[in-house]
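Reviewing the structure listed below.
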Amino acid sequence: MMRDADPQISHHHLESKRMAKKTKSLKEYLEVGNISAELVLKNFPFVLFIGFLLIAYIANAHYSEKKVRQIQKLQSDVKELRWEYMSIKANLMFSTMQTEVVKAVEPIGLKPINGKPKKIIVSKNKIQ
């Protein structure tokens, strides 16, 4: 008869242990190893400071990535403008060559000088 009672008691005892394991207190959930909610609350200002540092670190990373993208865009704009400048400069050098100037002013009747340039002297009486 004793043997029959033992399985019931042990079964009941195991059942109560299972129920005890299922109902953990909030403090048990908050405890992680040696760290507990009490320790965190005691050092709450430091935890806030660490949180602030993390937020500042993330914000700084985003800001620097944004600046890097802006710098890259500006560098490509400068490269494009440099090519445009070189192209315009080459066109200007070509169009200011003497042969090109002669071709450009020929329709309005101007011709290049074949001899030495002539000096024009104007007396001071004629200026007034």
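Restricting to region 97-128, give me the number of residues that are assigned to a helix (DSSP H, G or I) and either in contact (Cβ under 8 Å) with a residue 40 or more places away in the chain or surrounded by 10 or more Cβ atoms within 10 Å (Cβ to Cβ) (or both). Reasoning before the result, please.
Of region 97-128, the ones assigned to a helix (DSSP H, G or I) are 98-108, 124-127.
Remaining after also requiring either in contact (Cβ under 8 Å) with a residue 40 or more places away in the chain or surrounded by 10 or more Cβ atoms within 10 Å (Cβ to Cβ) (or both): 100-106.
The qualifying residues number 7.
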Can you run down the residue pairs with Cβ atoms below 7 Å, 6 or more apart or on separate chains, where the first is in region 32-57 and surrounded by 11 or more Cβ atoms within 10 Å (Cβ to Cβ) and the partner is modelled with pLDDT of 75 or more?
VAL40/VAL47
Which residue, of VAL47, VAL105, is at pLDDT 85 or above and either among the acidic types (Asp, Glu) or over 50 Å from the mean Cα position of the chain (by Cα) (or both)?
VAL105
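The values are calculated or read from the model by the stated rules, or taken from the named source; none is laboratory data. Keep in mind the model is a prediction, meaning the values are calculated, not measured. No Cβ is skipped: glycine too gets one built from the backbone with ideal geometry, and neighbour counts run over all protein chains shown.
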